[in-house]
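Structure first, commentary second.
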Amino acid sequence: MNQLFRTSIASLAIFVSACDAEDRKPANTPKPAAKDTTVKTEDLSKLSKEELAKKLDPEAYRVCIMGGTERPFANKYWNNHDEGIYVDVISGKPLFASTTKFDSRSGWPAFFDPIDKAEIIEKTDYEIGYKRTEVVAKSSGAHLGHVFDDGFDYATGKATPNGMRYCINSAALKFVAKDKLKEAGLEKYAHLFEGKSKKEGGK
């Protein structure tokens, strides 16, 4: 019975650790990224929580508003390799680009730099018993994930250019493909993909 109790506690600790998990092995059968059927972004940042609950899907609401964490290796964008922009699912503000996305083997989308650091707020978080840095979207107040200084790209076998890892929930993001930027009104970000297709450390 004691052995069973210890096993249960250990399993719970692994789940709660979420983005800070030590074991970063991919699932046996990676899921392809779900393709968004709509390109236009919408600013929902002025809506009440009650209104957002009607507009967002349940997982996005749980993550962004309730501060939840989605399951690793079972979310939309962890294994998305398409070029494009990731915007805030609530405000539509561009947050990250595929040029800074890398293979962290965490099971969540990982980026080494945001598009605009002014759009990112960092908060100290002790939710799981020790200090972490939570990442929140400035315009919408949405919980995005956490940022760590252990950035390592397993695809290149090198540390990320700045050593950072923004571990972000897919549910907090909407992906806009590079060839859809103009249609989405985001053509001014097309320059991010000029020249080299990916920055060093990008995925």
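The values are calculated or read from the model by the stated rules, or taken from the named source; none is laboratory data. Predicted model only: the values in this text are computed from it and were never measured. No Cβ is skipped: glycine too gets one built from the backbone with ideal geometry, and neighbour counts run over all protein chains shown.
Put simply, of Tyr126, Tyr130, Tyr86 the only residue that is out of contact with any Ser or Thr (no Cβ under 7 Å at 6 or more places or on another chain), surrounded by 16 or more Cβ atoms within 10 Å (Cβ to Cβ) and more than 22 Å from Lys49 (Cβ to Cβ) is Tyr86.
Residues of the stretch 186-203 that are at pLDDT 95 or above and closer than 30 Å to Gly68 by Cβ: Leu186, Tyr189, Leu192. Filtered by the rule that a residue be in a helix (DSSP H, G or I), touching a residue at least 60 places away in the same chain (Cβ under 8 Å) and not small (Gly, Ala, Ser), the stretch 36-67 gives Glu59, Arg62, Val63, Cys64.
Yes/no per residue for (1) at pLDDT 95 or above; (2) outside any loop (DSSP other than H, G, I, E, B):
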| site | (1), (2) |
| --- | --- |
| Asp113 | yes, no |
| Gly129 | no, no |
| Val136 | yes, yes |
| Gly141 | yes, no |
| Thr156 | yes, no |
| Ala171 | yes, yes |
| Asp179 | yes, yes |
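Based on this model, can you work out whether Val147 counts as part of a strand (DSSP E or B), of a type outside the set (Lys, Arg) and farther than 14 Å from Gly67 by Cβ? Spelling it out, Val147 is indeed part of a strand (DSSP E or B), of a type outside the set (Lys, Arg) and farther than 14 Å from Gly67 by Cβ. In the stretch 88-104, the residues that are at pLDDT below 95 form no Cβ pair under 8 Å with any partner that is of a type outside the set (S, T, N, Q), whether six or more places apart or across chains.
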